Protein chains: 2
Amino acid sequence: MKKILHLMLFVGLSLNAVAQEKVDEAAVKKIRKEGLENSKVMDIAFQLTDVVGPRLQGSPGLMKASKYAVNQLKEWGLENVQLEPWGEFGKGWELQKCYVAMTAPYYKPILAFPKVWTAGSNGLQNAEVLLVDESDTTALEQYKGKFKNKVVLLYSDAKLPSGFNPDVKRYTDEELEKMAKAEIVVRTGQPAGGPGGNPAMREMIANMRRATYISNKTKEMAKADGAVAFLSINARGKDGTLFVQGGGSYKATDPENMLDLVVSTEDYLSIARLAKAGIPVKIDLDVKSKFHTADLKGYNVIAEIKGTDPKLKDEVVMLGAHLDSWHTGTGATDNAAGSSVMMEAVRILKASGLKPKRTIRIALWSAEEQGLHGSRNYVKNHLTDTVKQWSNAAGEKISAYFNLDNGTGKIRGIYLQENEAARPIFTKWLEPFHDLGAKTVTISNTGGTDHLSFDRVGIPGFQFIQDPMEYSTRTHHTNMDTYDHLYPEDLKQAATIVASFVYHTAQREAKIPRKEKK
Amino acid sequence: MKKILHLMLFVGLSLNAVAQEKVDEAAVKKIRKEGLENSKVMDIAFQLTDVVGPRLQGSPGLMKASKYAVNQLKEWGLENVQLEPWGEFGKGWELQKCYVAMTAPYYKPILAFPKVWTAGSNGLQNAEVLLVDESDTTALEQYKGKFKNKVVLLYSDAKLPSGFNPDVKRYTDEELEKMAKAEIVVRTGQPAGGPGGNPAMREMIANMRRATYISNKTKEMAKADGAVAFLSINARGKDGTLFVQGGGSYKATDPENMLDLVVSTEDYLSIARLAKAGIPVKIDLDVKSKFHTADLKGYNVIAEIKGTDPKLKDEVVMLGAHLDSWHTGTGATDNAAGSSVMMEAVRILKASGLKPKRTIRIALWSAEEQGLHGSRNYVKNHLTDTVKQWSNAAGEKISAYFNLDNGTGKIRGIYLQENEAARPIFTKWLEPFHDLGAKTVTISNTGGTDHLSFDRVGIPGFQFIQDPMEYSTRTHHTNMDTYDHLYPEDLKQAATIVASFVYHTAQREAKIPRKEKK
């Protein structure tokens, strides 16, 4: 009985809170009309992908994208539009040529991309493959002096990932329900592979460490000897989908790393098998990259729709996404999708003729991929008390920050980031979008992107729940992260919902409640 | 009642026939042991893919593969092993360099392969893209004279295939049951898009014809003007998987076609969008191919295990698969899989020490991809009465021909090719393999490969039912048709079952019954 009473009280409270929260039906109608019937989100995405190309931090592509965004936001009538430097990032990098082929035992083009911040090949090289097939560091020593002019790879007999599951998926009702019912996870501080952890996990971790050691050691020896290149196996994906990130330091003062190419799983394993069978393998390589060092700074794009209520216009609702990407695709789902949605959301608000009480500020971050640098530095430069490492007076003026960075899938709800007090608010605000599949509010944290920069200093920072689509199987940090992998209807839906959330945050009597400082 | 009585009679007859058919349990045990516990099928497949490379008709790769097969079959103790010419095929072709990249508006490697029998680029060319966006032949005329030094493509706004279904699949019990219950399809001779067909189908066919006309006409004009290359959109697949076949004539006397490159769906659509938006696109091309004209003949690999029964040894059981492939992968599932399984099947029979009564003859065909040329010509040269176009005396000696050419999936049963009399025989012979998933006998025809060359002259020719795996989604005629897309356990199973079928055919009192001549 006690339990039931408690439950009833809780439900009663929640319903009460939801009942108090308001939805501006007229505003939602305008936003839906503009967002769903007059969408420009794919035009924006086309500019940010096909037109500017990869948007790697410090590359000409990112600068072109940033300038496009500045011009576009100005054209839509936003104010205080600027390309704001946030501090020193380091070297930019750009791919200028990439040709890799096997020339013996027969000719075959090899699908490969250099990792970012690795050097080129100094023109066309034809080099023999040297296979390292050792799990023992002492045995590795015997290779010393043998790497000169070689293309080096480690043996692998990895299997391709299974294809029995679909690449693309949406959340099921069951999965969403589970998220809605989730509770705050209390971390025990006990690492799974630590002394008290399970032995299988400990062994796996030990094996991974040994493999990493062997790989690093081999690369080091290869570089010292003057190898032509190091080949790395594609860590994820198959069928021509390559997962490629960084492979060297971007600090201005650090030396260039040796050329390190991620090779498609199929090509890599074939070369490894041939070499292991004692069949000489030769590789043609012509890779040219450019390090950009003239401007080491990073920039965010910032723009505002000024608030119209004299008492509230100094308060701010922020929305944002990172504009930078990796280099092998055109960063369509990571994160032209989020950037386009956020730009489209402010366009919708302007086009709808709505007058927000609070100021709405959009931010397109940079260097997210290397550690949320753009957003962290923005928060540090503007919103944080450097002594207390907590939001300062300007930070207190930010009602909330909304982020989008989980690919191209439509919005299914929102992560509360453990801010229970926001639940009734967001639950209510999702009501007009149940028909578009968005209704789930989860207490859970989600990590890995720019809302964390706000959350860590006590400014409510949220990220939306999005259908996963093929983010983990095909597009995230891959050469297939391109325009055609975007789902237009999903992005339209997302921009519409974000616009509504931002508008309601701007109109709400109070700011979004803060979590207590832990 | 009549119907039920008829059914009971039919079932009774079938059971009776099955009961009469024999399985040699001891032989099956030996075959299973050798095939499942001591398999060499993946070693063979490694040689036929990684080691020799693509096995395009008339290429050095196919000759290497054929010679490997000859040597291997001899080593296993087969007799009359030969590389037998079957007549003139035409020109061979081989890829010697393939580099394609976009250089404006920014640098990006382009995933592309030339169609077979198209010319090279004459060294590295940097050329502007000319987009043709016309569905009207009159409008097309205005492009005359504009193609010189251009890379030409037709506009497309195609969508990527859906990823919501798994790439890899096995037959379900329901699907197999449906096959087992299938009846002979009587063709009406009424084409679906013909005068009496449905209007939507007629319109689709008309549209396809128009598109083909526009494409051919554009290519013709481009060649006449001196274009650098024609780009074709990937007809199937995404994520880096390219479907590429032929694009020119292989007849010795025909001229070389212009360079025609199949470009990945994502790259093609991106170039098309940029060009349509009026943004100048430039392409770097360096494609070199070699036409092989010294030997225009085609060859099959033929080898025998001689029969030991004085009365039956002149009769023959044949098994085979085509050894040739397309050029962008290494033809692993099409059809190193089938070739390896058939080679492994005869290895199993030799290694098991079984003494077949009839002679067993393996054939590895060539030029299957261009129209079953190897098997057709073998049948024509050896087994057909040229006047009657039906099996001759030698053809009458062939009990049956077994073929495998549906990828890497395990055997789930066999197609009767409308030969109802073979049903009780094969039903019985599958009994020892129910535990390995093979039990379905279907009356249906299956087409598209070398058993048809036998079937059409009245020699029982059969093809096995295989799990589809990712044949239609990822590997069939694609750059991803490589060793790692093979399923070792499936190929072991297939070789074991084929060996048993071939052995039982060799031992059976009578030959496999023939269909009546239609």
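A few remarks follow.
- Across the alpha-carbon atoms of segment A:148-281, the computed radius of gyration and Dmax are 20.1, 59 angstrom.
- The solvent-accessible area of B:LYS517, taken with every protein chain present and a 1.4 Å probe, is close to 120 Å².
- Across chain A, the longest run free of exposed loop sites, meaning GluC sites (Glu not before Pro) lying outside DSSP classes H, G, I, E and B with no more than 12 other Cβ atoms within 10 Å, spans A:184-508.
- In this rough spin-label picture, where each label sits 7 Å from Cα along the Cβ direction, the A:ASP295-B:TYR155 distance is 3.5 nm.
- Placed amide H near B:ILE398: partners under 5 Å, 5+ positions off or other chain: B:VAL316
- Antiparallel DSSP beta bridges within chain A, percent to nearest 5: 55 percent
- In order along segment B:223-233, phi translates into HN-Hα couplings of 5, 4, 6, x, 5, 6, 6, 10, 9, 10, 6 Hz, rounded to whole numbers, per the Karplus curve 6.51 cos²θ - 1.76 cosθ + 1.60 with θ = phi - 60° and x for Gly and Pro.
- Farthest toward positive dipole pole in the protein assembly as shown [+1 Lys/Arg, -1 Asp/Glu at C-beta], among A:SER249, B:LEU95, B:VAL168: B:VAL168
- Extension gain, B:ASP435-B:LYS282: 0.36 nm per intervening residue step, less the Cα-Cα distance, totals 49.3 nm.
- Extended-chain gain in nm, criterion 0.36 nm per residue less alpha-carbon gap, A:GLU203 and A:ASN122: 25.0 nm
- Prolate/oblate/rounded call for segment B:96-139, Cα gyration tensor, a/c under 1.5 rounded: oblate
- Helical runs assigned H by DSSP (4 residues or longer) give chain B a calculated mean residue ellipticity at 222 nm of -10000 deg cm²/dmol, each run adding -39500 (n - 2.57) before division by the residue total.
- Integer Hz, Karplus 6.51/-1.76/1.60 couplings in order for segment B:326-332, x for Gly and Pro: 7, 10, 8, x, 10, x, 6
- Near A:VAL100: Cβ cut-off under 9 Å, other residues only, Lys/Arg at +1 and Asp/Glu at -1. The net charge is -3.
- About its Cα centre, segment B:298-427 has a charge dipole of approximately 560 debye under the convention of +1 per Lys or Arg Cβ and -1 per Asp or Glu Cβ, with nothing else charged.
- Principal axis dimensions, largest first and in whole angstrom, of segment B:61-181 by Cα: 64, 46, 34
- Förster radius 51 Å - calculated FRET efficiency between A:GLU418 and B:ALA104 (Cβ-Cβ, nearest 0.05): 0.55
- Along its three principal directions, the equivalent ellipsoid of segment B:407-470 from the Cα gyration tensor extends over semi-axes of 20, 16, 8 Å, largest first.
- Amide H contacts of A:GLU368: A:ASP324, A:HIS373, A:GLY374, each under 5 Å away and 5 or more positions distant or on a separate chain (H built 1.01 Å from N in the peptide plane; Pro and chain starts excluded).
- Rolled with a 1.4 Å probe across the full set of protein chains, the surface gives B:LYS97 an accessible area near 40 Å².
- Take B:SER249, move 7 Å from Cα toward the beta carbon, and the resulting point lies 6.4 nm from the same point in each other copy, nearest first.
- For chain A, averaging the sequence separation of C-alpha pairs within contact (under 8 Å, six or more residues apart) and dividing by the residue count gives a relative contact order of 24 percent.
- Between chain A and chain B, roughly 3800 Å² of accessible surface gets buried, counting both sides and using a 1.4 Å probe.
- Average Cα contact separation per residue, segment B:325-457, under 8 Å, 6 or more apart, as relative contact order %: 27 percent
- By the Kirkwood approach, averaging reciprocal distances over each pair of separate Cα atoms, segment A:294-363 gets a hydrodynamic radius of 13.6 Å.
- Taking Cα centre as origin and charging only the Cβ of basic (Lys, Arg, +1) and acidic (Asp, Glu, -1) residues, the dipole magnitude of chain B rounds to 920 debye.
- The distance separating the Cα centre of segment A:354-375 from that of segment B:133-176 comes to 39 Å.
- Compared with the dominant principal axis of the Cα atoms in chain B, helix B:2-20 is inclined by about 80°.
- A full extension of the chain between A:ALA235 and A:VAL185 corresponds to an added length of 15.0 nm, given 0.36 nm per residue minus the alpha carbon distance.
- Rounded to whole Hz, the Karplus (6.51, -1.76, 1.60) HN-Hα couplings of segment A:274-287, x for glycine and proline: 4, 5, 5, 7, x, 8, x, 10, 10, 10, 8, 9, 9, 10
- Dipole in debye (nearest 20) - segment A:90-188, about Cα centre, beta carbon charges: Lys, Arg +1; Asp, Glu -1: 500 debye
- Eigen-decomposition of the gyration tensor built on the alpha-carbon atoms of chain B gives equivalent ellipsoid semi-axes of 45, 26, 21 angstrom, largest listed first.
- Where both bridge residues fall in the protein assembly as shown, DSSP classifies roughly 55% of the beta bridges as antiparallel.
- Cut-off 9 Å between beta-carbons: net charge of the residues surrounding B:SER399, Lys and Arg +1, Asp and Glu -1: +3
- Largest first, the extents of the alpha carbon coordinates of segment A:463-518 on the three principal axes equal 44, 31, 15 Å.
- Each label point was placed 7 Å from the Cα along the Cα-to-Cβ direction; for B:LYS311 and B:ASN38 their separation is 3.2 nm.
- A 1.4 Å probe, protein heavy atoms only, puts the accessible area of B:HIS434 near 90 Å².
- Normalising the Debye intensity of the protein assembly as shown to I(0), with uniform scatterers on Cα atoms only, and taking log10 at q = 0.05, 0.08, 0.10 Å⁻¹ returns -0.39, -0.93, -1.26.
- Top positive-direction residue, dipole computed over segment B:315-403 with Cβ charges, set B:ILE360, B:ASN335, B:PHE402: B:ILE360
- Centroid-to-centroid, using Cα positions, segment A:264-316 and segment A:425-440 are 35 Å apart.
- Between B:PHE164 and B:ASP385, the FRET efficiency from the beta-carbon distance, with R0 = 51 Å, is close to 0.45.
- Label-to-label distance, nm, for residues given as A:GLU220 and A:THR172 (7 Å Cα→Cβ offset): 4.8 nm
- Shape class for segment A:366-431: oblate, because the ratio a/c of the largest to smallest gyration tensor axis (alpha-carbon atoms, square roots of eigenvalues) is 1.5 or more and b/c is at least a/b.
- Segment B:220-324: relative contact order in percent, alpha carbon pairs under 8 Å with at least 6 residues between: 21 percent
- Estimated FRET transfer efficiency (B:THR138, B:ASP254; beta-carbon r; R0 22 Å; 0.05): 0.15
- Count Lys and Arg as plus one, Asp and Glu as minus one, and take only other residues whose Cβ is under 11 Å from that of A:GLU203; the net charge is then +3.
- Sparse-neighbourhood loop sites, trypsin sites (Lys or Arg not before Pro) in segment B:362-433 - DSSP loop, at most 15 other Cβ within 10 angstrom: B:LYS388
- Per the axis that maps chain A onto chain B, nearest residue of A (Cβ criterion) and its distance in Å: A:GLY240, 1
The values are calculated or read from the model by the stated rules, or taken from the named source; none is laboratory data. A quick note: this is a predicted structure, and the numbers were derived from the prediction, not measured. Don't worry about glycine lacking a Cβ; one is built from the backbone with ideal geometry, like all the others, and counts go over all protein chains shown. Quick note on the areas: whole protein, heavy atoms, side chains included, nothing else; ligands and nucleic acids left out. Shrake-Rupley method; radii C 1.70, N 1.55, O 1.52, S 1.80 Å.
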